[in-house]
Amino acid sequence: MARTFRSCTTAAVLVLAACSGSDSSPLGISIIDPSKTNNLDAAELAPAAEYLRAATSQGLVRLDSLGNIVPALAERWIVTADGLSYIFRLRNARWENGDTVTSEHVAAALRRRLEIERRTAIGADTTEVRDIRAMTGRVIEIRLLAPQPELLRILTLPELGIRRNGRGTGPLVANRQQYWTLLSDRVDDAVSPDSRRAVRPLQVRTENAARAIARFSMGETSVVLGGKFQHLPYLSAGAVPDNAVRADPVIGLFGLLVINGQGFLSDPANREVVALAIDRDALMNPLGLRGWQTMTRIVPSGLDRYAPLVSDRWTGLTLDERRERARGQVARWLQDQEKLPELRIAMPPGPGSRLVFGRLKRDLAMVGITGVMVGAKEKADLRLIDEVAHYRQPSWFLNQLSCVVRPVCDEAGDVLLAQAKRMSDPAARAQKMAEAEVSITTSNIFIPLGAPVRFSLVSGNVPGFAITADGWHALPDMVVIPR
């Protein structure tokens, strides 16, 4: 089986996407996503829809294979000295029907999209946007209420890809087949035929993790994208070699989010009970995950130009002491109640989820709480959230927990966060952001567990694929034929 991953066997040659050779045959890519449909215009995109929208509906800028911000619809841009205006000059581009892309089209599309995202985390990331206007036929300006240093990175998000009448401008064109989508390079008339790159199409499948990993194991596809912690058990079941697994060093939010603020979880002290009870060091042991970074804080340490006021929590207590403190709080709650608390915890589908929940259930039982696992979309008290940071600033982490986005939130922290985002002075902004972090942390509306897990499977060397700090792998860079 090991040889199957190192060379194109006779059987594999019969499958167009089996190996990443130097010819123009399609490169097979599976995206792990159980969704049955790919709605590219939804407010919150499913994993496959993110990749397909980014590939066919580029934004003003995009991320390349290494995670760098590069031109897309905008060929260049400037930022004013006060950080309140971003001015983009559009390249010559056309819609699929041949119409010229104008700044009016782009400005209108961005305004519509930000309105759709108003109640999402992306909406929280873009509250500083005051106006989007077309200046000339090829120049667009985004005006801000306060500086947003990460605006360019936010504009690379698939959700902010520019679409008009359900169509984009490439750089790839999608041709939906019965079992897959064929993505091919869109011919740019502005580039002379002699200067065009040698490309191959991508044969992209959307399927569940078990099927995607099995297909990879059989040599029927060369790349699998979107692996998460709950999919890890499939790797051993599919006998996937270690050298095919590419883990991305991502940061983000991985933990339990309070979504029912009634009953036992109405009190921040009771919510802390859950955080105190969990043995984070042992949580991923059933998955054989070595070196997993545990977390007890919302914003990770080491972010550039940020001095937090919150340190790692409960460092002066052993696990037994933490659980003893948690049992005392449960006992106080029981003085006015008839039975021990029961918490429904929504987990994503997959064998890894069941194994991790088994650890959570055991830990909660140690302090007198019954844990019940429910589906990701079922009614619950807590939900496991697993999100990768789009940019490495405290505002991303706190925006994910804001009252605009979450049903159970910390209003005092939200006020501080809003004040921070309106400040022009970077030092004052960071200070107020740190105060917001303290408030949201002590409210215990989110129980951090550790860093998110993201991995891909790659057979051999696939040009255009690279390990990235944000777990994103740009499909347009994978169409280039290796030389």
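To keep it simple, each residue is scored yes or no on (1) of a type in the set (D, E, K, R); (2) without any contact (Cβ under 8 Å) to a residue 60 or more places away in the chain; (3) part of a helix (DSSP H, G or I); (4) surrounded by 17 or more Cβ atoms within 10 Å (Cβ to Cβ).
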position	(1), (2), (3), (4)
Ile87	no, yes, no, no
Gly98	no, yes, no, no
Ala107	no, yes, yes, yes
Ile142	no, yes, no, yes
Exercise. Within the group Ser424, Ser439, which residue is open to solvent by 10 Å² or more (accessible area, probe 1.4 Å), polar (S, T, N, Q) and part of a helix (DSSP H, G or I)?
Worked result: Ser439
For this session: Please give the number of the condition Leu160 fails out of (1) surrounded by 15 or more Cβ atoms within 10 Å (Cβ to Cβ); (2) modelled with pLDDT of 95 or more; (3) more than 26 Å from Pro394 (Cβ to Cβ).
Result: (3)
Problem set entry | Qualifying residue in the range 229-243 (condition: at pLDDT below 95, in contact with a strand residue (DSSP E or B) (Cβ under 9 Å, 6 or more places away or on another chain) and of a type in the set (Phe, Trp, Tyr)) | no
For this session: Inspect the range 379-395 for any residue being touching a residue at least 24 places away in the same chain (Cβ under 8 Å) and assigned to a helix (DSSP H, G or I) and give the result as yes or no.
Result: yes
Exercise. Of these, Leu343, Leu319, Leu334, which one is touching an Asp or Glu at 6+ places or on another chain (Cβ under 7 Å), farther than 30 Å from Ala210 by Cβ and of a type outside the set (Lys, Arg)?
Worked result: Leu319
Exercise. Name the pairs: first residue in the range 121-135 and farther than 16 Å from Gly83 by Cβ and of a type in the set (Gly, Ala, Ser), second residue in a helix (DSSP H, G or I) and at pLDDT 95 or above, Cβ to Cβ under 6 Å, at least 6 apart or on different chains?
Worked result: Ala121/Asn399; Ala124/Asn399; Ala134/Ser103; Ala134/Glu104; Ala134/Ala107
For this session: Test Trp314 against the stated conditions and say whether it is open to solvent by 30 Å² or more (accessible area, probe 1.4 Å), closer than 18 Å to Ser443 by Cα and without any contact (Cβ under 8 Å) to a residue 40 or more places away in the chain.
Result: yes
Seminar exercise, completed: Sole miss for Asp312 among (1) in a loop (DSSP other than H, G, I, E, B); (2) over 30 Å from Arg429 (Cβ atoms); (3) among the acidic types (Asp, Glu); (4) within 31 Å of the chain's Cα centre (by Cα) is condition (2)
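So that you can scan it fast, the table gives a plain yes or no per residue for (1) modelled with pLDDT of 95 or more; (2) among the charged types (D, E, K, R); (3) in contact with a Cys (Cβ under 9 Å, 6 or more places away or on another chain); (4) surrounded by fewer than 18 Cβ atoms within 10 Å (Cβ to Cβ):
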{"site": "Val274", "(1), (2), (3), (4)": "yes, no, no, no"}
{"site": "Arg290", "(1), (2), (3), (4)": "no, yes, no, yes"}
{"site": "Thr296", "(1), (2), (3), (4)": "yes, no, no, no"}
{"site": "Arg305", "(1), (2), (3), (4)": "no, yes, no, yes"}
{"site": "Arg327", "(1), (2), (3), (4)": "yes, yes, no, yes"}
For this session: Run down Lys361, Lys377 and say which single residue is among the basic types (Lys, Arg), surrounded by fewer than 16 Cβ atoms within 10 Å (Cβ to Cβ) and farther than 30 Å from Leu84 by Cα.
Result: Lys377
Seminar exercise, completed: How many residues of the range 176-208 are open to solvent by 80 Å² or more (accessible area, probe 1.4 Å) and either closer than 22 Å to Thr37 by Cα or at pLDDT 90 or above (or both)? The answer is 3
Exercise. Is it true that some residue in the range 395-409 is exposed (fewer than 15 other Cβ atoms within 10 Å of the Cβ) and under 23 Å from the mean Cα position of the chain (by Cα)?
Worked result: yes
For this session: Examine the range 248-266 for a residue that is open to solvent by less than 20 Å² (accessible area, probe 1.4 Å), farther than 23 Å from Gly471 by Cα and over 28 Å from the mean Cα position of the chain (by Cα), and state whether such a residue exists.
Result: yes
Problem set entry | Selection within the range 37-76 - surrounded by fewer than 18 Cβ atoms within 10 Å (Cβ to Cβ) and among the hydrophobic types (A, V, I, L, M, F, W, C) | Ala42, Ala43, Leu66, Ile69, Val70
Seminar exercise, completed: Among residues of the range 144-154 being in a helix (DSSP H, G or I) and open to solvent by less than 10 Å² (accessible area, probe 1.4 Å), the residue farthest from Leu52 (Cα to Cα) is Leu151
Problem set entry | Residues (in a helix (DSSP H, G or I) and farther than 29 Å from Ser395 by Cβ) located in the range 278-304 | Asp281, Ala282, Asn285, Pro286, Leu287
Seminar exercise, completed: Residue hits (the range 334-356; at pLDDT below 95 and buried (at least 17 other Cβ atoms within 10 Å of the Cβ)) are Pro341
For this session: Kindly list, by first and then second residue, each pair from a residue in the range 224-248 that is at positive phi to a residue that is open to solvent by 60 Å² or more (accessible area, probe 1.4 Å) and not in a helix (DSSP H, G or I), limited to pairs with Cβ atoms under 9 Å and residues at least 6 apart or on different chains.
Result: Ala239/Met1
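The values are calculated or read from the model by the stated rules, or taken from the named source; none is laboratory data. Because the structure is a prediction, the values reported are computed rather than measured. Don't worry about glycine lacking a Cβ; one is built from the backbone with ideal geometry, like all the others, and counts go over all protein chains shown. Each accessible area value is taken on the protein alone, full model and side chains, heavy atoms only, with ligands, DNA and RNA left out. Shrake-Rupley method; radii C 1.70, N 1.55, O 1.52, S 1.80 Å.
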